[in-house]
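Input: a single structure, listed below in structure tokens.
The values are calculated or read from the model by the stated rules, or taken from the named source; none is laboratory data. As the structure is a computational prediction, the values presented were derived from the model and not from experiment. Backbone-built Cβ (ideal geometry, glycine too); neighbour counts: all protein chains shown. Only protein heavy atoms, including side chains, enter the accessible area calculation; ligands, DNA and RNA are left aside. Shrake-Rupley method; radii C 1.70, N 1.55, O 1.52, S 1.80 Å.
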Amino acid sequence: MKTQIKITVILFILMFTLMIIGGVLYTNKSYSTNVEYETVVNQEILLKSNKKKTSKKSTKKKKSTKKKTVKKSTKKKKTTKKKKKYYSPLNVATASREEYYNYAKSIGGYDDTQMSCLINLWQRESGWNPRSRNRSSGACGIPQALPCSKIKAQQGSYDWQAQIRWGVNYIRWRKGYGSPCKAWSHFKKYGWY
């Protein structure tokens, strides 16, 4: 019985060592195949990246000359578009604030309350500056007409009197306003009128 146990233990130890040795050999084999595979893959990646780098260099030179010509032509187009789209009445004669207020009051027929609302509204919009222009939207003039060409189309010129007439009519006829105080409350709520 003792010999049988000894033989079993010896067989167990042998099997265990064989399993360990086999596992090491197997892992070494898989490791070596992984290394070989990785080196092959890495070499392919290097070859591809070198090809891409050389092709990118040649295409960059081609693209850079194309981009320069494209940029020059688009810049010219953009500047001409901006001039047409965002006309600003910069060469308009100005007057004093008192003249602006009195003219707006006489054109609109406003009492002091309505006039106070109009003063606040246009102060926030343009600072009562007939030469003002919103760079992001293109709105211009004292009432910040958008587009700016509406003033000339309806009033015949861009002078400050035409701007005030247009603004008073806009507030009068715009649905929901009718008066400067309603337009001012809309402006306070939404940030535009």
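Each label was represented as a point 7 Å from its Cα along the Cα-to-Cβ direction; for residue 190 and residue 146 these points are 1.0 nm apart. The simple spin-label model puts a point 7 Å past each Cα toward its Cβ; for residue 172 and residue 111 those points are separated by 1.9 nm.
With all protein chains in place and ligands, DNA and RNA left out, the 1.4 Å accessible area ranks 14, 121 as 14, 121, largest first. Taking amide hydrogens as placed 1.01 Å from N in the peptide plane, the amide H of residue 145 sits under 5 Å from those of 140, each at least 5 positions away in sequence or on another chain. The packing ranking, built from the mean of other Cβ atoms within 10 Å per residue, places the peptides 139-147, 3-11, 94-102 in the order 139-147, 94-102, 3-11, highest first.
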